[in-house]
Amino acid sequence: MSRRAELAENLARVHQQIAVACAAAGRDPGQVTLIAVSKSFPAADLAELAALGQFDVAENREHEARAKHSALTGLPLRWHFVGQVQTNKARLLAGYVDVVHSVDRPHLVTALSAGAERAQRSVDVFIQVGLSDRAGRGGVAAEGLARLADAVAAAPALRLVGLMGIAPLGAPSGVAFGRLAELSAELRRAHPQATGLSAGMSGDFQVALANGATHLRIGTALLGRRATKVG
Ligand SMILES: *Cc1c(COP(=O)(O)O)cnc(C)c1O
């Protein structure tokens, strides 16, 4: 099977699964954004996905994102960044990425906003909330969320669009995503426009949809298994 046929089949299957999960939750699949997480796969795969109508793509490492972005400048892709952001890479990222899902500290807000301003662009921001007691997956603690949200909302070149969360391994994802939905409801009292909920990966997107996810970050189910662990 050609790579395009394989990607087409995967994309159709994921669309079908999203439709089923949305129907079960009484939700409109048209309100859900599917993002193809292409880390470790070649830029050529993104060109194939674009040919199939999948334009929202994500990376989790800045150098890889930058390489693919410059290889594919001719395509109308929307670039999402979902990995932990090093502060010294934030200005660079803000120069070409459209959406950052992983803002979890005030320093990053300052650096991203400065980079976006310098490039005369605007960057959409999801604040990543820590849903695990274990360190390592990133995310601001619930106590720090309101202050961080205020900082993003006040940054001239950033637009606060919502919250992002990664369900901890080895615990029911419904509990984590339910918590994320609660925090989102709280956030929207102060920031009514921040309606986005970036939640759900290949293994748990149906659960995320049942809990109100608006942006799904899906790698393996679309592109296949990654040969190496890349976070
Ligand atoms: C890799 C990655 C994904 C996609 O994971 P899959 O399980 O392959 O779908 C989603 N979100 C983040 C932050 C990632 O790093």
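Residues in segment 34-44 that are closer than 21 Å to residue 203 by Cα and surrounded by fewer than 21 Cβ atoms within 10 Å (Cβ to Cβ): 34, 39, 40. I'd like the full set of residues that are more than 22 Å from residue 64 (Cβ to Cβ) and within 16 Å of the ligand (Cβ to nearest atom), limited to segment 176-199. Within segment 176-199, 176, 177, 180, 196, 197, 199 qualify. Out of everything in segment 80-98 that is surrounded by 23 or more Cβ atoms within 10 Å (Cβ to Cβ) and within 12 Å of the chain's Cα centre (by Cα), what residue ends up being nearest to residue 118 (Cα to Cα)? Once the filter is applied, the top-ranked residue is 97. Looking only at segment 210-228, which residues are near the ligand (Cβ under 10 Å from one of its atoms) and either without any contact (Cβ under 8 Å) to a residue 12 or more places away in the chain or in a loop (DSSP other than H, G, I, E, B) (or both)? Selection gives 219, 224, 225, 226. With respect to (1) within 12 Å of the ligand (Cβ to nearest atom); (2) modelled with pLDDT under 95, the lone exception for residue 170 is condition (1).
Each row is one residue, and each column tells you yes or no for (1) within 29 Å of residue 172 (Cβ to Cβ); (2) open to solvent by 10 Å² or more (accessible area, probe 1.4 Å); (3) assigned to a helix (DSSP H, G or I); (4) within 16 Å of the ligand (Cβ to nearest atom).
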residue: 48; (1), (2), (3), (4): no, yes, yes, no
residue: 53; (1), (2), (3), (4): no, yes, no, no
residue: 64; (1), (2), (3), (4): no, yes, yes, yes
residue: 69; (1), (2), (3), (4): no, yes, yes, no
residue: 112; (1), (2), (3), (4): no, no, yes, no
residue: 150; (1), (2), (3), (4): no, yes, yes, no
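The values are calculated or read from the model by the stated rules, or taken from the named source; none is laboratory data. Because the structure is predicted, anything quoted here is derived from the model rather than measured. Methodologically, a virtual Cβ is constructed for each residue, glycine included, from the backbone with ideal geometry; neighbour enumeration extends over all protein chains shown. Note: areas computed on protein heavy atoms with side chains; ligands, DNA, RNA excluded. Shrake-Rupley method; radii C 1.70, N 1.55, O 1.52, S 1.80 Å.
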